[in-house]
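Take a look at the structure below.
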């Protein structure tokens, strides 16, 4: 398989094999739009499930107990505070987490004593926490501020680096696309949103842009001299870049996803609810979508934006006209979506009859 | 270079463990080590009251209280601009937590009785105590007869201010009754009257050189105190009354957290709300007092935003499983890169190991020098960093392979590939680092630990790629194993498609056999690479292929790809100079 993969990589690089990603961009836009819409719906219903950090309340952790006896914990809490509907979750191999609404200090003591008695454990195996409702909000508010500041900086850096604002714009649209889909999927799975989740979402910002920059760097390299030749359009050059980085993108995302996946598996099946699991899910989905979007969304978007530039538009028209003129006899013409292997040309090939000198008066 | 760096890093850590209190493992944050974390949120009384200055003063006061209560290694920091995070190891008792939770109270009370600090029932300095509060109401706040009841007197007599545990401060007393308090240095003890001016009425306090009325410097350090509009008339009233009293009744005490931080005597009526406290101040003591007075005037109080106790067992379980996940993930990465890049995968692995080593060293060093603590989100950040770090190598390797496909010899390919990969790596790492910095500066608690490790690993990544991976690649490029493109090296030109049959110009065709042995591919762009696209072959190529097939019964070269995406239109684009 590795040989096949390497061969496939070669074909992609030389342009022998090429996936017309940029040309068929409307298809990818449509897929993404559907995904974004589905995520938007998921965000409304069932919606995100706020963790205790966002609801506020008291939390007890009983460690070193058999975890199958959740009803006992519920009963203990209700003995102290009858209207309470505590949420009991298993954490790790031998711990129970009990979340309640906000309790007074005396009630907290009572519940702790009750739990110690009910589970027959020492006081030091029970911990309690109080989380004000503003804590989570605060974290997310900071996250939003962070997002905005980050976007500003990154737009500046990218505009300067690529000397073109359109790349920055495309990258940022792709970023929002990633973020919305990730949050939507998180809502669909229904795990609690904790500050760890927010951290995960924020990391996706970095990763998504990072991945897009790598792809764009290749696009920039390939398209640098587009205007000085008339064989290929900007879109074709960009498409080649995407194809050439495809192997890199796949390898990178596999390598990045493997550790995250291993945290996710251990977090979800061994540790239960907690920081690692929440962060890993957000990252897993985000990295996956991020890789997808930098290939299928960011680059096509960038091409769409660039093609609005008068210079590029003129150039594209010129290339297509020349091609139509030259290839007229072959009848392939300007069909949109025709894959032109835009690889750097090599000497020694045959250009077809269209390239031969024409007889006068024909 | 990098070797030197690593050696220096670990040498300093070892030296630290040998001669100082450093340890070979990084310190763990509360969520891994267990303990209690209280996050305090400021409640400003007016807009713009929460500044970094007021927060820092508040932190100083909380630290003073917690330290006085004997809790070791409490960590009090401000995060995200305005939050105060108090981290206490272990399971602190309620009293300690109360010290943190309650905000400092400063108040001005008149001194009724002042005595030597020791607990002496027959304190000679104490005036004879009144018997009963015979009066129905006091004549004024300085009315000893009313306020100093036998009970208060008894409490006063029993109090021993020479013992440090009696000087830890605590909850402020009832503002309307007498209050017994120690001097913060333990030099005296006091019976104080009811609260006359609350701390909020202080506008500001500064320390400086005292000046006479003519403006000449007295050469003495003083503390200048200014009252607000609300405080000025109260202060005028107090000074009016106290100025005519005899010592110690002419003193007023500044009480912070139930400790008397200063008890100046009033020499004259101060009508304009601008007081000057003089005495045997040094520069430091004057500044400290001014700071403390300022804290009393802090326009903010604090509410508990969250309070978490984390059990040590749970933390260590999470750490253990997290590390297990990390190791497992790393193994998967190793297997995958060996599979994809063969021997080159070993370079990835070696680079990752070096990166891990450097990161570990830096974290350990920071936790010794800067008090950095590794938290669970920090561990998650490290695990995520595996992917991002490995990506740099992948970008680099892919660029080298691209150059090989273009027909360059390995040495040239490494050089050229590095040039291009360097740009990409720098740009993408810059973005990552920006993200980490923004997160770090804006975030609180866990997010911060995560951002820190993310930023750190980004830097380490750059360091390793520049100082380890690239030099290593150059060295490897000189070995026969890699330069000749051994099939297991991951840089085999044949696998990279360089060596397929192709037209060599002037009617000749380059076949695989002719070039395989060692002679580096020409560096010019004239010959290399299987060009072209689709199933198209030139006539010459087809003939050569047929010959080759006859001769060696080799599998037919380059069957047209079956992929549907590959449209015949591509045929035309077969190479030529443009």
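Among the candidates A:31, A:21, single out the residue that is in a loop (DSSP other than H, G, I, E, B), at pLDDT 80 or above and within 27 Å of the chain's Cα centre (by Cα). Break it down stepwise before answering.
On the way: A:31 fails: in a loop (DSSP other than H, G, I, E, B).
That would be A:21, the only listed residue that is in a loop (DSSP other than H, G, I, E, B), at pLDDT 80 or above and within 27 Å of the chain's Cα centre (by Cα).
May I ask you to list the residues in the range A:234-266 that are more than 20 Å from the chain's Cα centre (by Cα) and facing chain B (nearest Cβ under 8 Å)?
First, pick out the residues of the range A:234-266 that are more than 20 Å from the chain's Cα centre (by Cα): A:234-241, A:244, A:266.
Correct list: A:244, A:266.
Identify, from the list B:381, B:329, the residue that is under 33 Å from the mean Cα position of the chain (by Cα), buried (at least 21 other Cβ atoms within 10 Å of the Cβ) and under 30 Å from residue B:482 (Cβ atoms). Talk me through it step by step, then tell me what you get.
Working: B:381 fails: under 30 Å from residue B:482 (Cβ atoms).
The conditions single out B:329.
Identify all residues within the range A:268-294 that are over 20 Å from residue B:380 (Cα atoms), in contact with a helix residue (DSSP H, G or I) (Cβ under 6 Å, 6 or more places away or on another chain) and away from chain B (no Cβ under 14 Å); write none if there are none.
Result: A:293, single match.
Could you tell me whether any residue of the range A:180-195 is part of a helix (DSSP H, G or I), in contact with a helix residue (DSSP H, G or I) (Cβ under 9 Å, 6 or more places away or on another chain) and within 10 Å of chain B (Cβ to nearest Cβ)?
Of the range A:180-195, the ones part of a helix (DSSP H, G or I) are A:180-189, A:195.
From the residues that got through so far, the ones that are in contact with a helix residue (DSSP H, G or I) (Cβ under 9 Å, 6 or more places away or on another chain) too are A:180-189, A:195.
Filter once more, keeping what is within 10 Å of chain B (Cβ to nearest Cβ): A:195.
Checking the range A:180-195: at least one residue is part of a helix (DSSP H, G or I), in contact with a helix residue (DSSP H, G or I) (Cβ under 9 Å, 6 or more places away or on another chain) and within 10 Å of chain B (Cβ to nearest Cβ).
Show me the strands (runs of 3 or more DSSP E) found entirely inside the range B:1-99 where at least 2 residues are within 27 Å of residue B:310 (Cβ to Cβ), within 17 Å of the chain's Cα centre (by Cα) and modelled with pLDDT under 75. Lay out the reasoning, then the answer.
Numbers: elements: B:35-44, B:75-79, B:83-89.
Qualifying strands (runs of 3 or more DSSP E): B:75-79.
Would you mention how many residues in the range A:53-77 are crowded, with 16+ Cβ neighbours inside 10 Å, out of contact with any helix residue (DSSP H, G or I) (no Cβ under 8 Å at 6 or more places or on another chain) and in a helix (DSSP H, G or I)?
1
Out of B:443, B:421, B:430, B:412, which single residue is at the interface with chain A (Cβ under 7 Å from one of its Cβ atoms) and either modelled with pLDDT of 85 or more or surrounded by fewer than 22 Cβ atoms within 10 Å (Cβ to Cβ) (or both)? Quick ask: steps written out before the conclusion?
Numbers: B:443 fails: either modelled with pLDDT of 85 or more or surrounded by fewer than 22 Cβ atoms within 10 Å (Cβ to Cβ) (or both); B:421 fails: at the interface with chain A (Cβ under 7 Å from one of its Cβ atoms); B:412 fails: at the interface with chain A (Cβ under 7 Å from one of its Cβ atoms).
The match here is B:430.
Among the listed residues B:372, B:396, which satisfies the condition of being touching a helix residue (DSSP H, G or I) at 6+ places or on another chain (Cβ under 9 Å), in contact (Cβ under 8 Å) with a residue 12 or more places away in the chain, closer than 26 Å to residue B:436 by Cα and not in a helix (DSSP H, G or I)? Spell out the reasoning first.
On the way: B:396 fails: not in a helix (DSSP H, G or I).
After ruling out the rest, the residue left standing is B:372.
Could you check residue A:231 against (1) within 7 Å of chain B (Cβ to nearest Cβ); (2) crowded, with 24+ Cβ neighbours inside 10 Å; (3) farther than 26 Å from residue B:331 by Cβ and say which number it fails?
(2)
Quick one: which of B:352, B:346, B:369 is surrounded by fewer than 24 Cβ atoms within 10 Å (Cβ to Cβ), at pLDDT 80 or above, under 27 Å from residue B:316 (Cα atoms) and more than 7 Å from chain A (Cβ to nearest Cβ)?
On the way: B:346 fails: under 27 Å from residue B:316 (Cα atoms); B:369 fails: at pLDDT 80 or above.
Result: B:352 is the single residue among B:352, B:346, B:369 that is surrounded by fewer than 24 Cβ atoms within 10 Å (Cβ to Cβ), at pLDDT 80 or above, under 27 Å from residue B:316 (Cα atoms) and more than 7 Å from chain A (Cβ to nearest Cβ).
The values are calculated or read from the model by the stated rules, or taken from the named source; none is laboratory data. This structure is a prediction, so every number in the text was calculated from the model and none was measured. Backbone-built Cβ (ideal geometry, glycine too); neighbour counts: all protein chains shown.
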